[in-house]
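Encoded as structure tokens, the structure appears first; notes follow it.
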Amino acid sequence: MKDLFDFIHAALPWIAIGLLLAVFFARHAGKKKKEDKGDDYGTEGMCLGMCMGSALGASGVVDIGLGMSLGMLIGLVIGTFVKKEKKNDK
């Protein structure tokens, strides 16, 4: 059982990086160049997720590096699903 936990702790950051890259490229692959950037809360979600992950890491729940990377990933995923409202300025 210890070997399984060692493998998970070694492989989880690489899996998180792979998922982050997959979300990033899937997000930007379908967008046109003329569209405005920032039509969702992806960046804000990454910032908040990294703060929450580092807080969990500092409290000792998870490793701080793992908490920050997974927090950024989860924040990016949640932030991309929340769309910003467009303002109608005249």
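Odds and ends about this structure:
- Fully extended contour minus Cα-Cα distance, from Phe5 to Ile78, at 0.36 nm per residue: 23.6 nm
- Ranked by how many other beta carbons lie within 10 Å on average, peptides 55-66, 39-50, 3-14 from highest: 39-50, 55-66, 3-14
- Lysine-lysine proximity count for the chain, Cα under 21 Å, sequence distance 8 or more or distinct chains: 22
- Dividing the helix sum by the residues of the chain, where each DSSP H run of 4 or more adds -39500 (n - 2.57), gives a mean residue ellipticity at 222 nm of -24500 deg cm²/dmol.
- Accessible surface of the chain [probe 1.4 Å, protein heavy atoms]: carbon and sulfur percent: 69 percent
- Relative contact order %, the chain, counting alpha carbon pairs below 8 Å whose residues are six or more apart: 32 percent
The values are calculated or read from the model by the stated rules, or taken from the named source; none is laboratory data. On a predicted model such as this, the values are computed, not experimentally measured, just so you know. As a convention, Cβ positions derive from the backbone with ideal geometry for all residues, glycine included, and neighbour counts pool all protein chains shown. Note: areas computed on protein heavy atoms with side chains; ligands, DNA, RNA excluded. Shrake-Rupley method; radii C 1.70, N 1.55, O 1.52, S 1.80 Å.
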